[in-house]
Amino acid sequence: MNIHEYQAKELFRHYKVPVPAGSVAFTVEEAVVAARELGVYPVVIKAQVHAGGRGKAGGVRLVNSESEVLQAAEEILGRTIVTKQTGPVGKKVGKVLIEQGQNIARELYLSILPDRASAQIMIIASLAGGMDIEDVAASMPEKIIKAMVNPLIGLQPFHQRQLLFGLDLDKTIARDFSSLLTRLYQLFTEKDCTMLEINPLVITGENQLVALDAKIDIDSSALYRHQDIVDWRDEAEEDPLEVEAARAGLNYINLDGNIGNMVNGAGLAMATMDLIKKAGAEPANFLDVGGGANAEMVAEGFRIILSDPKVKGILINIFGGILRCDVLAEGVVQAARKSGVTVPVVIRMEGTNVEKGRRMLADSGLNLITAVDLADAAVKIAEIAKS
Ligand code: GDP
Ligand code: MN
């Protein structure tokens, strides 16, 4: 689960990681009050959306007076911001962070994330802060320092030194940097983060380390032990269809293609998506209705796929095991009757009660295309995609 910068900075404060003074504002009036409370200019106004790259998109403003705060807040709040990470649709800004402007001497990069290949916690640091780390990795790989931490042993002094020397930090700041790392590592593990990124981590003109930006992802499977973080969920930042699907207990991810697909079992869903691609089409979603789905869940899944305007055809691929074919058929017929099917639907199913399921579909009067097997289903859906 993603959280906002202002929420990540709240966690930083709790762990005594230095961040600029500031507070979040939901309206222009609140923004002005927040700036007044800071009392000194410059003040920074930052759009709060679940995406980076806001600076380049005009979502971060440095201002020098109350009238400029007013003007910037009016311009940013309510507007849609488009960055590399939001995709072309962009994200609507519903809140801004009002912060004390910092006097920046150096910009560094620091992040912590699990490295699956080595099963260790990887700390990445770079001298080239403020830039996209992907660009730094591509053009100046020598500027990236990595420290690998064995999670069973934890962060050690040698890791600290490795990063300290790699960043060419002044002795006077060594102690602050070490304690910053210790606290961030503690936050990362205690809060079950899957990503923690500070870009830029700045050294101010007064030789202080300050986290100017903050991005945190929390492992969704660990949310049961972080109710405080669950309360921060901002559904407005999430894909609306994915939010609906999660409520219905469905495993759904929205993708870019135009062939909707409904499958039971994550492995079969992955294989089905491969088949769709192999046949020359692109999947519009991943949807695993799960082994124990009932007719209502199938109907809900079908409705969600149908409400995606990208979808030009649907492939239903079910192996009837725990989810019986007749239950699937009932769900499909229910949903099709209710929402009206506007696109061709290819169905391939096998397994428990398959004859009964096929009969129900045939008797439904709906225009459904039945495939004899998986290969046939792929060919039929590809024809639809091409037409
Ligand atoms: P991002 O573009 O979404 O990653 O947003 P950031 O929080 O990283 O801000 C973008 C850029 O704005 C930073 O890299 C800084 O160069 C600049 N910036 C942010 N806060 C301040 C500040 O307090 N003072 C100054 N001078 N620049 C700032
Ligand atoms: Mn940033």
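The values are calculated or read from the model by the stated rules, or taken from the named source; none is laboratory data. Fair warning: this is a prediction, and the values are worked out from it, not measured in the lab. Cβ sites come from the backbone with ideal geometry, for glycine too, and all protein chains shown count toward neighbours.
Condition check ((1) assigned to a helix (DSSP H, G or I); (2) assigned by TED's automatic domain parsing to the domain that holds Y15; (3) touching a Pro at 6+ places or on another chain (Cβ under 9 Å); (4) over 27 Å from D219 (Cα atoms)) across all residues:
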residue: Q160; (1), (2), (3), (4): yes, yes, no, no
residue: L164; (1), (2), (3), (4): yes, yes, no, yes
residue: L169; (1), (2), (3), (4): no, yes, no, yes
residue: A174; (1), (2), (3), (4): yes, yes, no, yes
residue: S179; (1), (2), (3), (4): yes, yes, no, no
residue: Y185; (1), (2), (3), (4): yes, yes, no, no
residue: T189; (1), (2), (3), (4): yes, yes, yes, no
residue: E197; (1), (2), (3), (4): no, yes, no, no
residue: P200; (1), (2), (3), (4): no, yes, no, no
remark   = For region 292-323, the count of residues that are charged (D, E, K, R) and either touching a Ser or Thr at 6+ places or on another chain (Cβ under 9 Å) or assigned to a helix (DSSP H, G or I) (or both) equals 4
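Any residue at all in region 49-71 that is more than 11 Å from ligand 1 (Cβ to nearest atom) and touching a residue at least 40 places away in the same chain (Cβ under 8 Å)?
yes
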query = If you go through region 246-253 one residue at a time, do you hit one that is surrounded by 14 or more Cβ atoms within 10 Å (Cβ to Cβ), assigned by TED's automatic domain parsing to the domain that holds D115 and within 30 Å of E134 (Cα to Cα)?
reply = no
ask   = Limited to region 339-355, what total is found for residues that are in a helix (DSSP H, G or I) and surrounded by fewer than 18 Cβ atoms within 10 Å (Cβ to Cβ)?
value = 2
request  = Scan (1) at pLDDT 90 or above; (2) buried (at least 20 other Cβ atoms within 10 Å of the Cβ); (3) β-branched (V, I, T) for the single condition V332 breaks and write down its number.
outcome  = (1)
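Yes or no, residue by residue, for (1) away from ligand 1 (no atom under 16 Å from the Cβ); (2) among the hydroxyl-bearing types (S, T, Y); (3) at pLDDT 95 or above; (4) out of contact with any helix residue (DSSP H, G or I) (no Cβ under 6 Å at 6 or more places or on another chain):
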residue	(1), (2), (3), (4)
T194	yes, yes, yes, yes
I198	no, no, yes, yes
V202	no, no, yes, yes
G205	no, no, yes, yes
Q208	no, no, yes, yes
D213	no, no, yes, yes
I216	no, no, yes, no
R225	yes, no, yes, yes
key: Residues satisfying the stated conditions in region 10-36, i.e. touching a strand residue (DSSP E or B) at 6+ places or on another chain (Cβ under 7 Å) and not aliphatic (A, V, I, L, M)   = F12, P18, P20, G22, S23
query = If you go through region 215-256, how many residues are under 21 Å from Q7 (Cα atoms) and in contact with a Phe, Trp or Tyr (Cβ under 6 Å, 6 or more places away or on another chain)?
reply = 0
ask   = On the given criteria, is N261 surrounded by 15 or more Cβ atoms within 10 Å (Cβ to Cβ), in contact with a helix residue (DSSP H, G or I) (Cβ under 7 Å, 6 or more places away or on another chain) and not hydroxyl-bearing (S, T, Y)?
value = yes
task = Determine which member of the set F12, F26 is more than 18 Å from E197 (Cα to Cα), touching a residue at least 40 places away in the same chain (Cβ under 8 Å) and either away from ligand 2 (no atom under 16 Å from the Cβ) or of a type outside the set (A, V, I, L, M) (or both).
result = F26
task = Restricting attention to region 269-306, report how many residues are in contact (Cβ under 8 Å) with a residue 40 or more places away in the chain, more than 21 Å from V243 (Cα to Cα) and crowded, with 18+ Cβ neighbours inside 10 Å.
result = 5
query = Only one of these conditions is not met by D168: (1) of a type outside the set (S, T, N, Q); (2) in contact (Cβ under 8 Å) with a residue 40 or more places away in the chain; (3) surrounded by 13 or more Cβ atoms within 10 Å (Cβ to Cβ). Which number is it?
reply = (3)
task = Among residues belonging to region 356-384 that are among the acidic types (D, E) and free of Cβ contacts under 8 Å to residues at least 24 places away in the same chain, point out the one that is surrounded by the fewest Cβ atoms within 10 Å (Cβ to Cβ).
result = D363
ask   = Of everything in region 42-74 that's surrounded by fewer than 16 Cβ atoms within 10 Å (Cβ to Cβ) and more than 16 Å from ligand 2 (Cβ to nearest atom), which residue is nearest to the chain's Cα centre (by Cα)?
value = E74
ask   = Hey, Q156 hits all of (1) closer than 15 Å to L201 by Cα; (2) in contact with a strand residue (DSSP E or B) (Cβ under 9 Å, 6 or more places away or on another chain) but one; which does it fall short on?
value = (1)
query = Any residue at all in region 214-236 that is surrounded by 15 or more Cβ atoms within 10 Å (Cβ to Cβ), within 16 Å of ligand 2 (Cβ to nearest atom), β-branched (V, I, T) and in the same structural domain as F177 (by TED's automatic domain parsing)?
reply = yes
inquiry  = Between V136, V82, which is away from ligand 1 (no atom under 12 Å from the Cβ), surrounded by 16 or more Cβ atoms within 10 Å (Cβ to Cβ) and not assigned by TED's automatic domain parsing to the domain that holds K191?
reply    = V82
